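Please read the structure below before turning to the comments.
The values are calculated or read from the model by the stated rules, or taken from the named source; none is laboratory data. Computed from a predicted structure; not experimentally measured. Here the Cβ positions follow ideal geometry from the backbone for every residue, glycine too, while neighbour counts run over all protein chains shown. SASA here: full protein model, heavy atoms, side chains in, ligands and nucleic acids out. Shrake-Rupley method; radii C 1.70, N 1.55, O 1.52, S 1.80 Å.
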Amino acid sequence: MVDRRYLTYFDWGLLALTFLLASIGLMTLYSAVMAGAPTPQKALFTKQLIWYGIGLVAMLVCILFNYKLMERYAWLIYGGGIGLLLWVMFFGKTIGGSSRWIVFGPISLQPSELAKITVIIILARYYGKYVSGRGFTLKGLQVPVIMTLVPFLLIVRQPDLGTAGLIGLIAASMTLFVKIEKRTLLFIMGSGVAMALPMWFFFLKEYQRQRILTFINPDRDPLGAGYHIIQSKIAIGSGFLTGKGFLEGTQNALSFLPEQHTDFIFSVLAEEWGFLGAIILIFAFLVFIFWALNIAYSCRDPFGTILAVGITAMIAWQAVINMGMVMGLMPVVGVPLPFISYGGSSLLTTMISVGILLNISMRRFMIE
Amino acid sequence: MSKYLKTVDSEWFRQRLTLVMVCVVAAAVILILRLIFLQIIKGQEYRRMSLNNSIRLQSIDAPRGLIFDRNGNLLVDNRPSFDLYISMKDARPVEDTIGRLATHASLDMTELTGRVDGVRGAAYHRPQLLKRDIGRNALAVVAAHRYDLPGIDIQIQRLRNYIHSGLAAHLLGYIGEINTKELQREAYADCRAGDLIGKFGVERTLEDYLRGERGGRQVEVNANGQVVRVLRTVPARSGHNVFLTIDSRLQQRAEELMKDKAGAAIALDPTSGEILALASAPAFDQNDFISGLSRDKWNALVNNPHRPLENKAIQGEYPPASTYKIITAMAGLQEGVITPDETIFCPGHYRFGKRNYRCWRRGGHGKVDLIKAIAESCDVYFYQVGQRLGIDRLAWYAKAAGLGTATGIELGHEGKGIVPNATWKKKRTGIAWQPGETLSVAIGQGFNLVTPLQMAVFTAAVANGGVRFRPTLVKRVVSWDGNEILSNTPRVAGRLPVSPETLTLVQKGMWEVVQGDRGTARIARLKDTQISGKTGTAQVVSREKIEESEDGASVHKYKDHAWFVAYAPSDAPRLAIAVIVEHGEHGSSAAAPVARELIKTYLEAPADPPVMAVGAGGPRNG
């Protein structure tokens, strides 16, 4: 089943980058759960290790078969993703007002995370089939818009606006990549503005407008999101050039950071390792993204190329939004930092993505 | 390798990918520039801020809205309570600080240490409550020794203050700490554990108006935990002030009159349904609930056989007794089963089936027409009217009079009462309706149950020509800066389904009750004001039972409940009243004088000028 030639073409570089990011992630998570809180939450670290184990297995499974099978079974995979989202809608576990979780014994999964990949696969199939170089027109965009909208709305309902927005961004990125015909693009942007303006001025109530403004600019809410952001900025800034040292971050240890092991984990890293540590992480992500884009380039099959671009977009957007958020450049949304943030489903999704990238990479010369 | 056929050539994809890479680099550059700004340019400043851990959040509690009566007399306000807080991180060494605090302010050392041990595990950097309501003297001492007491902070909290202790306790209600169940409810979404919310009375039902909106500030503190700079402030918004419809003078009078009794007295404006007084006796003192009720006091309240915690005006359900004859009379006239001139002979009893139904006057009333039947409350007359009507028609008129449904006043736990009919009885007891039971119902005994408020609202409807208003306690709601949030407009709940002629006849009968020579409530007469009314004497147990019991009717708990409903002045009513005195025996002797005094107070005695101008604002947030 696994041809010896695959080993020759195996992408050791991408695997090494993955291990580098995973190591940075585990180290930072260790500090976030051990140095903070009166009672260290060591269990979270152990759980994350187990999830990395599960993720590695999932990654290996993802390279065993030819990725082109995913093109053939794209609808099945997509249907499975929607099925899981429907399942969670009716039987999901509700935590903190939103039902996102499916629980199997000790494991709980967020289908919305996996839905990201299923949308990427189905869109890659569609665009791979119809990409022409001239760009898509409104007519050609109807199907992909519906493909995105179905899981998007199901996830909005949970509600998990962060993940839903991310799916929208990924779909938009993939669509822009395969090119939208110029007039169509102008039309979409124009009608977007034309709809948003009257919405803003006539349909939204004052408090709704305030809420959106606060979302865009957390400074307007000094007691809520704004407070978190200022503490996060203090954490990052106080790291200075070389940081306060491993396990020495005071903002981290005294629990000034909200969600320090999930969404705000970058602040922990930047506080303890300073500018040097943070820049290393940013470069690691940058190299990873370029590597993945190179895989997209060397793939000679439109499906594979677009699939690789979609996956890259997913990881890149999450990294940019998360880091931008904790540095006070972006609204506060619950988007995890790939490889680094605590969270099983997100990690599993990231590792499956790496697996798909490895798959595409090692079959780049295999044309059958 | 290149034999693969492409739909678009790889050169095209290369161009697109180059575009993507430019975007990625641009994003990375922005992130790196931001990082440089935060960590290198402003790094020193943030390092300093992080070393002090100096940015804190303080919350500003919103003052609860004030409650006034209809004339602007202040009934409920807030008084400051000075609470001691400790920030464990700043107070180190904690034992020494606590020791100094105890000596300076003469506070109990063991109590303070106990409290400190209790909060040790909680959020380290957050101020923890050490002692509530330390009083002004201790406050002055602590403030003077501030620099000797690192990490000790004083916060001012407002406590609810019921100005006239015990006045309108059931109506105003009280507040208390929110419980876990309430915290999960949508209505309390912006509350936190430890918040005080309305638990009873209008404090509870008007919670949304009275509760303000919490504010807060971001502050920078120094190494001692004391605030050196306020960075941002979101002001709290005070709760709205509520003007009730009650007249505190009349309310006070009603409570005086009901003192040492158990029961309720209600007075309302028959032209609008606005409640002027609503007293339930015995009462309690709400201020006891604010500083925490001792176990003994609580037990005394709960175990008192006269149920002081119950608002009898709306929760108490009693047989309406002879006051119900107003409804029987209206139904009989309207349905044409009697005419005003028809007379019925009352020999003191009425034989129906196998049973002998007695009139309250053993000797009988002789020849009785409608007016005389109402004035002298002849049971035999109404037995026959009830028999002619049948239970279904009687029940229909009772429902139309507003019985059997809650009136919808702004108070919780309102009782609905019971309007019995054949289906109801079958469902409730499984036994078929006995024709004789209709006779009992016709004179307000049997399964009939009403609340005093229902009777007051019904009496008001008789007085004003047949309009049944939804009773209300809220006159106006005004925000602290004077904007009117709500202004009461009378709401009609229904109309009495009787012709003006019928109503005039019933009113005439009720006038005779007080003003007539042989009326049952001649005791209620006033010199200058004409009053109309109806007495009632509700049996607690059947007469036979009393006679069977060894000590007879002298036992208090077997004594009848006394009712009186009234309105005045008879020609242009401005006040409608319902009074019930539990075990007061006769409506005429126990309940009617209460109504008379209320009418006298409201209509004859000059009103005091209001203590506080209407519309005056409460304290601002701070």
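Please verify whether region B:186-197 includes one or more residues that are outside the structural domain of B:ILE577 (by TED's automatic domain parsing) and buried (at least 20 other Cβ atoms within 10 Å of the Cβ). Yes, region B:186-197 contains at least one residue that is outside the structural domain of B:ILE577 (by TED's automatic domain parsing) and buried (at least 20 other Cβ atoms within 10 Å of the Cβ). Could you list, in sequence order, the residues of region A:103-135 that are outside any helix (DSSP H, G or I), surrounded by 20 or more Cβ atoms within 10 Å (Cβ to Cβ) and within 14 Å of chain B (Cβ to nearest Cβ)? Of everything in region A:103-135, just one residue is outside any helix (DSSP H, G or I), surrounded by 20 or more Cβ atoms within 10 Å (Cβ to Cβ) and within 14 Å of chain B (Cβ to nearest Cβ), namely A:VAL131. Starting from residues that are open to solvent by 30 Å² or more (accessible area, probe 1.4 Å) and within 14 Å of another protein chain (Cβ to nearest Cβ), keep the ones in region A:144-172 and report whichever is nearest to A:ASN322 (Cα to Cα). So, considering only residues that are open to solvent by 30 Å² or more (accessible area, probe 1.4 Å) and within 14 Å of another protein chain (Cβ to nearest Cβ), the one nearest to A:ASN322 (Cα to Cα) is A:LEU169.
Search region A:208-249 for residues being of a type in the set (Ser, Thr, Tyr), more than 8 Å from chain B (Cβ to nearest Cβ) and not in a loop (DSSP other than H, G, I, E, B), and hand back the single one that is least open to solvent (accessible area, probe 1.4 Å).
So in region A:208-249, the residues of a type in the set (Ser, Thr, Tyr) come out as A:214, A:227, A:232, A:238, A:242.
Subsequent filtering for residues that are more than 8 Å from chain B (Cβ to nearest Cβ) retains A:214, A:232, A:242.
Now narrow it down to the ones that are not in a loop (DSSP other than H, G, I, E, B): A:214, A:232.
On the way: A:THR214: 36, A:SER232: 0 Å².
Looking at residues that are of a type in the set (Ser, Thr, Tyr), more than 8 Å from chain B (Cβ to nearest Cβ) and not in a loop (DSSP other than H, G, I, E, B), I get A:SER232.
Looking across region A:139-181, the residues that are more than 12 Å from A:VAL119 (Cβ to Cβ) and aliphatic (A, V, I, L, M) come down to A:LEU141, A:VAL143, A:LEU153, A:VAL156, A:LEU161, A:LEU176, A:VAL178, A:ILE180. Hey, does region B:451-472 have a residue that's out of contact with any Pro (no Cβ under 9 Å at 6 or more places or on another chain) and surrounded by fewer than 21 Cβ atoms within 10 Å (Cβ to Cβ)? Scanning region B:451-472 turns up no residue that is out of contact with any Pro (no Cβ under 9 Å at 6 or more places or on another chain) and surrounded by fewer than 21 Cβ atoms within 10 Å (Cβ to Cβ). Only one entry of B:LEU411, B:LEU439, B:LEU403 meets the criterion of being in a helix (DSSP H, G or I) and either modelled with pLDDT of 90 or more or within 25 Å of B:ARG351 (Cα to Cα) (or both), and that entry is B:LEU439. Among the conditions (1) at the interface with chain B (Cβ under 10 Å from one of its Cβ atoms); (2) in a loop (DSSP other than H, G, I, E, B), the only one that A:HIS261 does not satisfy is (1).
The set of residues in region A:288-320 that are more than 10 Å from chain B (Cβ to nearest Cβ), more than 14 Å from B:MET21 (Cβ to Cβ) and either open to solvent by 10 Å² or more (accessible area, probe 1.4 Å) or touching a residue at least 60 places away in the same chain (Cβ under 8 Å) (or both) comprises A:PHE303, A:GLY304, A:LEU307, A:GLY310, A:ILE311, A:MET314, A:GLN318. Selection of region B:396-420 for residues being over 30 Å from B:THR205 (Cα atoms) and surrounded by fewer than 22 Cβ atoms within 10 Å (Cβ to Cβ) yields only B:TRP396.
Of all residues in region A:264-285, those satisfying the criterion of being open to solvent by 30 Å² or more (accessible area, probe 1.4 Å) and either more than 10 Å from every other protein chain (Cβ to nearest Cβ) or under 18 Å from the mean Cα position of the chain (by Cα) (or both) are A:TRP273, A:ILE280, A:PHE283.
With the structure loaded, tell me whether B:SER248 is out of contact with any Gly (no Cβ under 8 Å at 6 or more places or on another chain) and hydroxyl-bearing (Ser, Thr, Tyr) or whether it fails that test. Answer is yes for this residue. From the residues in region B:264-308 that are crowded, with 22+ Cβ neighbours inside 10 Å and over 17 Å from the mean Cα position of the chain (by Cα), which one is farthest from B:ASN73 (Cα to Cα)? That would be B:PRO270. A Cβ distance below 7 Å, combined with a sequence gap of six or more or placement on separate chains, defines the contacts here; from region B:76-101, residues that are in the same structural domain as B:ALA138 (by TED's automatic domain parsing) reach residues that are aromatic (Phe, Trp, Tyr) and open to solvent by 10 Å² or more (accessible area, probe 1.4 Å) in the pairs B:MET88/B:TYR124; B:LYS89/B:TYR124. Restricted to region B:39-76, and to residues there that are closer than 21 Å to B:GLN286 by Cβ, touching a Lys or Arg at 6+ places or on another chain (Cβ under 8 Å) and open to solvent by less than 40 Å² (accessible area, probe 1.4 Å), the residue that is nearest to the other protein chains (Cβ to nearest Cβ) is B:ALA62.
Per the conditions (1) open to solvent by less than 10 Å² (accessible area, probe 1.4 Å); (2) in contact with an Asp or Glu (Cβ under 9 Å, 6 or more places away or on another chain); (3) farther than 27 Å from A:GLY128 by Cβ, the sole criterion not satisfied by A:GLY324 is (2). Counting only helices (runs of 4 or more DSSP H) wholly contained in region B:175-294, the ones carrying 2 or more residues that are under 24 Å from B:HIS306 (Cβ atoms) occupy B:201-205, B:248-258, B:287-290. Buried (at least 17 other Cβ atoms within 10 Å of the Cβ) and more than 27 Å from B:VAL492 (Cβ to Cβ): is that true of B:GLY436 in this structure? No.
Considering only region B:343-395, state which residues are in a helix (DSSP H, G or I), open to solvent by 40 Å² or more (accessible area, probe 1.4 Å) and in contact (Cβ under 8 Å) with a residue 60 or more places away in the chain. Of everything in region B:343-395, those that are in a helix (DSSP H, G or I), open to solvent by 40 Å² or more (accessible area, probe 1.4 Å) and in contact (Cβ under 8 Å) with a residue 60 or more places away in the chain turn out to be B:LYS372, B:ARG393.
Within region A:327-353, the residues that satisfy the criterion of being open to solvent by less than 10 Å² (accessible area, probe 1.4 Å) and either under 9 Å from the mean Cα position of the chain (by Cα) or within 14 Å of chain B (Cβ to nearest Cβ) (or both) are A:MET327, A:VAL335, A:LEU337, A:PRO338, A:THR349, A:THR350.
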